[in-house]
Amino acid sequence: MAKPFKPRKHDLFFAALEKEVKPLGDAVLAKAKEAGAQVSPVKVESPLVRVDFLTGVSKCDDEKVASILPLKENIVQLDLGRTIITDGALKTVAQLPRLVSLDLRQTKVTDAGLESLIGLKKIESLNLYGTEITDAGLKHLAKIKSLKHVYLWQSKATKAGVKQLASAVP
């Protein structure tokens, strides 16, 4: 006898996220690609997308990140790692209501910039590897209760700061 199908937590989470989200139009996708963004669906026949600038990291600045705002309802994963963004880009990122995963590794974002992310209600994973983030920035992250994974290797955060963050975000 076959085991009954039981959906995984992950599948249920994304199914809930994609409710009432419309697929992106060709014109919107073309503009994002023109700015250097690579946009791909997170799974077949899903309106949810992953966005990165991996083919032009040295050209991806705050202005280029602002160019993805028309896709804001659809973005669940955003990879800005190794780009030349600053805290200004985080003001754009803060407007992505379904963002689950954000990669900011080896960027110039600061503690002050992380405050912009406090309103992200769905974010679970944040990569801050190789940034100048300190314990002051972790205090902002402690207000984001949806966070499950924060990567801080080669940042300026201390063990005490990480311990405080871990206790604030179970």
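The values are calculated or read from the model by the stated rules, or taken from the named source; none is laboratory data. This is a predicted model, so every value here is computed, not measured. Neighbour counts are summed over all protein chains in view; Cβ atoms, including those assigned to glycine, are modelled from backbone coordinates with ideal geometry.
Tabulated values for the structure
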{"quantity": "Boolean, Ser40 is farther than 19 Å from Lys91 by Cβ, out of contact with any His (no Cβ under 9 Å at 6 or more places or on another chain) and either modelled with pLDDT under 95 or not basic (Lys, Arg) (or both)", "calculated": "yes"}
{"quantity": "Check on Lys64, closer than 18 Å to Gln106 by Cα and crowded, with 18+ Cβ neighbours inside 10 Å", "calculated": "yes"}
{"quantity": "Residues within segment 99-143 that are among the basic types (Lys, Arg) and touching a helix residue (DSSP H, G or I) at 6+ places or on another chain (Cβ under 9 Å), tallied", "calculated": "4"}
{"quantity": "Sole residue being in contact with a Lys or Arg (Cβ under 6 Å, 6 or more places away or on another chain) and small (Gly, Ala, Ser), chosen from Gly56, Gly81", "calculated": "Gly81"}
{"quantity": "Among the candidates Lys19, Lys31, Lys59, residue that is among the charged types (D, E, K, R), without any contact (Cβ under 8 Å) to a residue 12 or more places away in the chain and surrounded by fewer than 18 Cβ atoms within 10 Å (Cβ to Cβ)", "calculated": "Lys19"}
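Residue by residue, here is whether (1) touching a residue at least 40 places away in the same chain (Cβ under 8 Å); (2) under 23 Å from Pro41 (Cα atoms); (3) crowded, with 17+ Cβ neighbours inside 10 Å holds:
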{"position": "Leu78", "(1), (2), (3)": "no, yes, yes"}
{"position": "Thr107", "(1), (2), (3)": "no, no, yes"}
{"position": "Gly119", "(1), (2), (3)": "no, no, no"}
{"position": "Ala136", "(1), (2), (3)": "no, no, no"}
{"position": "Lys163", "(1), (2), (3)": "no, no, no"}
